[in-house]
Amino acid sequence: MNWYDGFETIVRPDIPLRDLTWYRLGGPARWLCQPRDEDELVAVLNAIRAAGIPWHVLGGGANVIVRDEGFAGAVIRLCGLAFEQIEIDGVTVRAGAAVDLPKLVRATLKHGLVGLEVLAGIPGTVGGAVRMNAGGRHGELAQFVREVRMVDAAGRICARPAAEMNFAYRHAAVAGCVVTGVLLGLEPGDADEALRRYREIWNAKYATQPPLAARSSGCIFKNPPQRSAGRMLDEAGLKGTRIGGAVISEKHANFIVAGDDATAQDVLNLIQLAKDRVRQTAGIELEPEVEIW
Ligand code: EPU
């Protein structure tokens with residue numbers, strides 16, 4: 001008997017994760033679970049919990065490093081139309097967790113709603129963006145969130161007001177929960193001006209960062225309060241440092257780019273080396289921003 005008896009259409013064993021992440025590194029998931037709606041999600045989560053299996057949620061894979069040996073648990077990936085809807089009603093926008101974040105940003109701008117242009121150039125899904133409170137120097141998702149829809153740690157479908165999400169820098173209170181959608185409040189405004197700003201942010205960003213096509217997971221470390229991790233890594237002389245097929249970007253020192261021959265371990269070794277070096281040079285303990293599975 002398998003723990004996933006009855007879920008064979010949505011649970012598959014030993015599935016490679018590399019093509020589901022931006023890094024395209026690492027090994028398989030012991031199980032990949034792809035529920036198609038909230039009821040299937042609740043049911044499969046209950047089965048996972050009853051079997052005592054560790055689990056993670058995978059969104060767009062833009063902020064995850066999967067170890068070379070893979071993950072010996074269940075990876076939940078919301079998959080299907082129920083999680084891919086965008087509904088715009090006046091200034092209120094509902095988006096499912098599997099919606100591509102850049103697609104949501106463009107859809108709202110097209111509707112003459114402004115605000116989300118500050119998220120220009122951030123890859124991933126809406127669910128991942130909620131979980132990480134995605135953002136940058138121009139703003140963050142939390143500014144616009146009214147409510148987060150989720151399956152909570154007790155396995156109940158609920159809508160949690162933004163005030164209860166403890167949003168902070170790259171943080172939201174979602175431990176043990178699976179985000180299934182979000183309700184945003186935007187503003188009507190000058191769509192042309194917002195689009196201009198969107199392009200401007202995009203261009204400014206990719207003038208200082210490796211392109212989205214490069215294999216990376218964005219910034220590796222969080223910025224410590226009032227400090228820039230990228231600047232500290234740069235000042236520690238780390239740009240261009242290479243281990244195996246992974247290299248610290250010459251363009252922005254908080255990015256580690258994977259080459260064709262890179263392994264996840266190369267990236268992890270480089271993370272450790274960079275952390276050690278900044279501890280020695282700046283006396284600061286950098287914390288990873290990426291998730292390591
Ligand atoms: N800097 C250097 N050398 C470098 C990198 C940066 O001297 O190699 C300096 C810059 O010149 C600047 C300062 O450090 O004076 C800050 O750099 P930047 O403007 O690039 O911003 P950041 O703090 O490094 C943050 C986010 C990015 C986001 C940008 C722009 C974090 C860890 N990073 O970077 O987010 O794109 O602002 O909004 O919060 C991500 O989360 O994956 C990410 C890339």
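The values are calculated or read from the model by the stated rules, or taken from the named source; none is laboratory data. What you see is a predicted model, and the numbers here were worked out from it, not measured in a lab. Cβ sites come from the backbone with ideal geometry, for glycine too, and all protein chains shown count toward neighbours. For the accessible areas, the whole protein counts, side chains as well, though only heavy atoms, and no ligand, DNA or RNA atoms are used. Shrake-Rupley method; radii C 1.70, N 1.55, O 1.52, S 1.80 Å.
Taking θ as phi - 60°, what are the ³J(HN,Hα) couplings along segment 34-49 by the Karplus curve (6.51, -1.76, 1.60), each to the nearest whole Hz, with x for Gly and Pro?
Result, rounded to whole Hz: 10, x, 9, 7, 5, 5, 5, 4, 4, 5, 6, 5, 4, 5, 4, 5.
Using 0.36 nm times the number of residues separating ARG196 and LYS251, minus their current alpha carbon distance, what extension gain do you get?
Gain on extension, ARG196 to LYS251, equals 17.3 nm.
Calculate, in nm to one decimal, what ASN46 and HIS138 gain on full extension: separation in residues at 0.36 nm each, minus their alpha carbon distance.
Numbers: separation 92, 0.36 × 92 = 33.12 nm, distance 3.91 nm.
Length difference between fully extended and current span is 29.2 nm.
Give me the percent of accessible area attributable to carbon and sulfur for the chain, probe 1.4 angstrom.
49 percent
Cα centroid distance between segment 179-233 and segment 28-92, in Å?
Distance between centres, Cα-based: 24 Å.
Out of segment 240-293, which GluC sites (Glu not before Pro) are coil in DSSP terms and have no more than 10 other C-beta atoms within 10 Å?
Answer by residue number: GLU285.
How big is D, in µm² s⁻¹, for the chain by Stokes-Einstein at 20 °C and 1.002 mPa s if Rh is the Kirkwood radius over C-alpha pairs?
D = 108 µm²/s.
Any idea how many Lys pairs in the chain come in under 23 angstrom at the alpha carbon, given 8 or more places apart or on separate chains?
Step by step, the pairs that qualify in the chain add up to 11.
Measuring from label point to label point, each 7 Å out along Cα→Cβ, what is the ASP68 to GLN272 span in nm?
Going by the 7 Å Cα→Cβ label model, 1.2 nm.
Of GLY59, ALA129, LEU286, which is farthest on the positive side of the dipole of the chain, counting Cα position, with +1 on Lys and Arg Cβ, -1 on Asp and Glu Cβ, and the Cα centre as origin?
Result: LEU286, furthest along the dipole toward the positive end.
What FRET efficiency comes out for the pair GLU164/ALA204, r = Cβ-Cβ distance, R0 = 41 Å, nearest 0.05? Please list the in-between numbers first.
Values: r = 34 Å, r/R0 = 0.83.
About 0.75, to the nearest 0.05.
Find the accessible area per residue for the chain; the probe is 1.4 Å, ligands and nucleic acids are left out, and the unit is Å².
Using a 1.4 Å probe on heavy atoms only, each residue of the chain averages 46 Å².
Can you compute the label reach from ASP14? Point 7 Å from Cα along the Cβ direction, backbone N cut-off under 12 Å, restricted to segment 246-280.
Under 12 Å, as judged by backbone N against the label point of ASP14, lies no residue of segment 246-280.
Can you compute the helix-only [θ] at 222 nm over the chain? Use -39500 (n - 2.57) per DSSP H run of at least 4 residues, normalise by all residues, nearest 500 deg cm²/dmol. If you can, show how the numbers build up before the last one.
Values: 6 runs with 74 residues, N = 293.
Theoretical 222 nm ellipticity from helices: -8000 deg cm²/dmol.
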